[in-house]
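One structure below.
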């Protein structure tokens, strides 16, 4: 199956700093990637849809200036949490849609990034 | 509003039991439904994908069914093992928004 690599797996940072999370599709091209946020024992909440070469589409209630998304190539999307605060501490997961193969509607997920803001 | 709900929220069973996890969605017009497994602190692993035109999919001890008319899907796990312990999530791809909506998840614990 397709592989999505997400780095880093864990980040601990001070309040006010910015953190960048990378999401790469390793063996397929992903024109669309998705960023999710998950609080403990809760389900995934879609934050934004990242489209290669264009601006990301943010879900209602998600601050686009707070969560900067860049999808500069067909295999890489980045999420930058700017001026992070303790309430931004969460588990962030990316996913990519493989639209080239037979399973063109299937989502493949990265391993997630646990962000802890002190 | 398109919503996906999973019942039960948590389940604890002895090893060897067959079990059923339920997923309900509010809109019968869907593209597909996908079942995932999530281990603590990890990403999601896709288990089964059911297209809108399909009624069920099987993979090893797992069988997923889809009944669009009633807005339901079930994940059947046969002969459960301690290694099956994880959170199981269903996600539905709806037309229009073309986004996956995730269910609330079922936390499964299989006791040895």
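Computed from the coordinates by the stated procedures, all read-outs in this text should not be read as laboratory data. These numbers were taken from a predicted model, which means no experiment stands behind them. Here Cβ is always computed from backbone atoms with ideal geometry, including for glycine, and neighbour counts include all displayed protein chains.
Could I get the Rg over Rh figure for the stretch A:52-97? Both from C-alpha atoms, Rh via Kirkwood, rounded to two places.
0.96
To the nearest whole number, what is the average tally of beta carbon atoms from other chains within 10 Å of the beta carbons of peptide B:38-49?
5
Provide, in order from the shortest bin, the percent of all Cα-Cα pairs of the stretch B:11-71 in each 10 Å bin, continuing until the bin that contains the maximum pair distance.
Percent of pairs per bin, in order: 18, 46, 31, 5.
If every alpha-carbon in the stretch A:17-80 counts as one equal scatterer, what log10 I(q)/I(0) does Debye give at q = 0.19 1/Å?
Treating every Cα as an identical point scatterer, log10 I(q)/I(0) equals -0.71.
Find the Cα radius of gyration of the stretch B:55-103, compare it with 2.2 N^0.38 Å by division, and give the number to two decimals. Provide the component values of the computation, followed by the final result.
On the way: Rg = 12.9 Å, N = 49, 2.2 N^0.38 = 9.7 Å.
Cα-based Rg divided by the globular estimate yields 1.34.
Tell me, what are the semi-axes, in whole angstrom and largest first, of the equivalent ellipsoid of chain B as set by the roots of 5 times the Cα gyration tensor eigenvalues?
Each semi-axis is the square root of five times an eigenvalue, giving 24, 14, 12 Å.
If you wrap a convex hull around the alpha carbons of the protein assembly as shown, what volume per residue comes out, as a whole number of Å³?
122
Could you work out the relative contact order of chain A, using alpha carbon pairs under 8 angstrom and six or more residues apart, expressed as a whole percent?
37
Write down, largest first, the equivalent ellipsoid semi-axes of chain A in whole Å, where each equals the square root of 5 times an eigenvalue of the alpha-carbon gyration tensor.
24, 14, 13
In whole Å, how far is the Cα centre of the stretch A:58-82 from that of the stretch B:21-89?
One Cα centre to the other: 29 Å.
Could you work out the relative contact order of chain B? I mean the mean sequence separation of Cα pairs under 8 Å and 6+ apart, divided by the number of residues, in percent.
It rounds to 37 percent for chain B.
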